[in-house]
Amino acid sequence: MKKLFIDADTGVDDAQAIMVALTAPDVEILGITCCYGNTPLENVLKNTLRVLKVCNRLDIPVYRGCSGPLLAKRRDAGDYHGKDGLGDVPDPDAPGLDLLQKRRGVTAMIKTVNQNPGEVSLVATAPLTNLAVAVQLDPSFPKKLKALYIMGGNTDSRGNTTVCGEFNFVADPEAAYIVLERYTCPTYIAPWEFSCRNSLPWSFCKEWLCQNTEKAAFMKKITALSMTKAQSEDYQKEITEGKGFNSCDTYAMAAAIDDSFVTESDEVGVTVELEGKFTRGMMVLDYMELLSKKHKAFIMKTVDLEKLKEMFMNSLK
Ligand code: BDR
Ligand code: CA
């Protein structure tokens, strides 16, 4: 059984990633910490509970994490994910925040890993603030993880948020920097352009959403806004190079679930630019080893798309 702990800023693709994990065989989700990001923290908390409710898994503990970045100015991704972070299709019967665990998110993350040393893979699909605070509170935390999977950063100078920055890293560059410097466990990164290049064909998405289940109806509703945006000509031309639907967070999750999902990756020293006028928050890959980094991360490059399709289909059954 694979033990996962998830840190999310539940917007649309985080929801997809969580639903894929919930339906994956031999995977146990030990808890979910919420982080501000796509939308303010209060929305992220509600969205996470909504996802668990539709999957009948409100037994999974959900925790309140950080509500803002360490130093950066707060930004969100409401134009893509909706003002509420989940496509602006409110559910009057959404579970109340009284279902949240009382323990603080970062403390819970550390405690859960301490109880299962060497066994837990942490999947981070949000700005990395909670993870940065965790290592500040407990410097030995990263050593106790089995692995860390991150959706974030970019490999070309092509961003989705600033000229050359990806949302999760740009939202809290200092946190991303701390995590990449101090998490010495095996680290796997799903960068933005990688997910664009390995996107899902639109024809598949139709089939995926057409399933006659409550989960599919929920997914269809919450993805409508972002799918319209993602299919627009400008977005296709400028962002995804015309390829298809890009559920970026799900790539990090799928890699954590199935070791054979990623078919090619580069092992390289990684850090984050903290200062540049145009480049603050951009991921820096040290291919020439000029930074002499002892710890290297695996940068995902290609995947087995058929495996992803299967996980997507199962997630709505
Ligand atoms: C990342 O930013 C968020 O909008 C998505 O949920 C994903 O984690 C993509 O840059
Ligand atoms: Ca996310």
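The values are calculated or read from the model by the stated rules, or taken from the named source; none is laboratory data. What you see is a predicted model; the values in this text were computed from it and never measured. Cβ sites come from the backbone with ideal geometry, for glycine too, and all protein chains shown count toward neighbours.
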Study note, to complete from the structure: Selection from segment 241-254 of residues more than 12 Å from ligand 1 (Cβ to nearest atom) and at pLDDT below 95 yields E241, G242, K243, G244, F245
**Study point:** Residue satisfying all of: in segment 159-173; under 25 Å from A15 (Cβ atoms) and either more than 10 Å from ligand 1 (Cβ to nearest atom) or among the aliphatic types (A, V, I, L, M) (or both); modelled with the lowest pLDDT among these
**Key:** T162
Study note, to complete from the structure: Within segment 1-57, the residues that are of a type in the set (S, T, Y) and either part of a helix (DSSP H, G or I) or within 20 Å of D88 (Cβ to Cβ) (or both) are T10, T23, Y36, T39, T48
Check your understanding: Can you name the residue in segment 42-93 that is at pLDDT 95 or above and hydroxyl-bearing (S, T, Y) and, of all such residues, is surrounded by the most Cβ atoms within 10 Å (Cβ to Cβ)?
Key -> T48
Practice item. Consider only pairs whose beta carbons are under 7 Å apart and that are at least six residues apart or on different chains; among these, list those whose first residue lies in segment 179-203 and is polar (S, T, N, Q) and whose second residue is modelled with pLDDT of 95 or more and surrounded by fewer than 17 Cβ atoms within 10 Å (Cβ to Cβ). Key: T184/K143; T184/H295; N198/T302; N198/L305
Check your understanding: Exactly one of (1) within 29 Å of M219 (Cα to Cα); (2) of a type in the set (S, T, N, Q); (3) assigned to a loop (DSSP other than H, G, I, E, B); (4) in contact (Cβ under 8 Å) with a residue 60 or more places away in the chain is unmet by S260. Its number?
Key -> (4)
Practice item. Take segment 164-191 and flag every residue that is outside any helix (DSSP H, G or I) and closer than 20 Å to A147 by Cβ. Key: Y183, T184, C185, P186, T187, Y188, I189, A190, P191
Point to revise | Condition met for T279 (in a helix (DSSP H, G or I) and polar (S, T, N, Q)) | key: no
Check your understanding: Out of the residues in segment 145-158 that are touching a residue at least 40 places away in the same chain (Cβ under 8 Å) and more than 15 Å from ligand 2 (Cβ to nearest atom), which is surrounded by the fewest Cβ atoms within 10 Å (Cβ to Cβ)?
Key -> S157
